[in-house]
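Inspection log for the structure reproduced underneath, given as structure tokens.
The values are calculated or read from the model by the stated rules, or taken from the named source; none is laboratory data. As the structure is a computational prediction, the values presented were derived from the model and not from experiment. For neighbour counting, all protein chains shown are included, and Cβ atoms are generated from backbone atoms with ideal geometry for every residue, glycine included. For the accessible areas, the whole protein counts, side chains as well, though only heavy atoms, and no ligand, DNA or RNA atoms are used. Shrake-Rupley method; radii C 1.70, N 1.55, O 1.52, S 1.80 Å.
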Amino acid sequence: MGTIDKEAVKAYLLGLQDAICAALEAEDEGTFREDSWERPKGGGGRTRVLEGSVIERAGVNFSHVRGNELPPTATARRPELAGRGFEAMGVSAIAHPHNPYAPTSHLNVRFFTAEKEGEEPVWWFGGGFDLTPYYGFEEDAVHWHRTAKAACDPYGEGLYPKFKRWCDEYFFLPHRDEPRGIGGLFFDDFNEGGFEHCFALARSVGDGYIAAYLPILQRRKGWEYGRRQRQFQLYRRGRYVEFNLVCDRGTLFGLQSKGRIESVLVSLPPLVSWAYDWQPATGSEEARLYEVFLKPRDWAD
């Protein structure tokens, strides 16, 4: 499987955090606040938060934590790893724009090792990026998915359809029977082809996020909107909160591993609303989101 290089992964992730923050600051003309933190049981990280004129809240986190035993959420799919020590590092980014016509975006790139004395370490990469629009635009969806496909194709023709399908299945609210957004890429437990191959794929996905998101944000951030659009955005943000708190394995890992709670929950939007039994008007822009965009589709083709 090749020798793993944790320091190279860490250096890349720190640089990725810097690059994402610089790109979002340039669009917003604001500045990220940074909080460095330590985890009592081992490791720490740096959390950066932006609340600006274009982006209502962005959180870009780097974390590098370790422990003597993997949390339950990390062993649910790999029970044979229970009892191993672990080391986990990653970058996660979330951007919630003010403008309802500009979608929320999310990225995660992570690297895990699970170790036991006298045995070879088990390692894998995971991550991806996904888009959550409030109002659907085909050119945005096509650009997002074509950029995702371009990030995967050099590492295997079958990866994009596999990761795209995995994303559609993962970012799904079973209690609502609906997707969170229009998907993108999601992968986990990935160690096919050796460390260098997997690390290169993870870098391609991480670097692809800004290339996928910035053109969309630039197109939509200045669109005029009114109270109806804002209220619908706040309502749909409720789905984002529900997914993160009920379904997301990353959030659960952060909580179970006793991560810094402010950093774990920085992905949540600052304002959100729930309405009882709300239904979109027939033929409306809001209805079109459900009828056209919140359904799995091969946007890249």
### Task
Scan the helices (runs of 4 or more DSSP H) fully inside the stretch 229-291 and keep the ones with 1 or more residues being more than 22 Å from residue 141 (Cβ to Cβ).
249-256, 261-264
### Message
Taking the conditions exactly as written (in contact with a helix residue (DSSP H, G or I) (Cβ under 8 Å, 6 or more places away or on another chain) and surrounded by fewer than 17 Cβ atoms within 10 Å (Cβ to Cβ)), does residue 196 satisfy them or not?
### Response
no
### Task
Specify the residue that is farthest from residue 5 (Cα to Cα); the eligible residues are those in the stretch 113-140 that are of a type in the set (A, V, I, L, M) and crowded, with 23+ Cβ neighbours inside 10 Å.
131
### Query
Going through the stretch 225-257 one residue at a time, which ones are under 22 Å from residue 188 (Cα atoms), charged (D, E, K, R) and in contact with a Leu (Cβ under 9 Å, 6 or more places away or on another chain)?
242
### Task
Scan the stretch 147-174 for residues that are open to solvent by less than 50 Å² (accessible area, probe 1.4 Å), assigned to a loop (DSSP other than H, G, I, E, B) and within 22 Å of residue 237 (Cα to Cα) and jot them down.
171
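Just checking, which of 160, 170, 213, 209 is without any contact (Cβ under 8 Å) to a residue 60 or more places away in the chain and either of a type outside the set (A, V, I, L, M) or under 30 Å from residue 8 (Cβ atoms) (or both)?
170
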### Query
Any idea which residue in the stretch 269-297 is farthest from residue 246 (Cα to Cα), counting only those that are surrounded by 13 or more Cβ atoms within 10 Å (Cβ to Cβ) and at pLDDT below 95?
297
#### Entry: Identity of the residue in the stretch 255-264, out of contact with any Pro (no Cβ under 9 Å at 6 or more places or on another chain) and in contact (Cβ under 8 Å) with a residue 12 or more places away in the chain, that ends up surrounded by the fewest Cβ atoms within 10 Å (Cβ to Cβ)
262
### Query
Does residue 263 qualify as being modelled with pLDDT under 95 and over 18 Å from the mean Cα position of the chain (by Cα)?
no
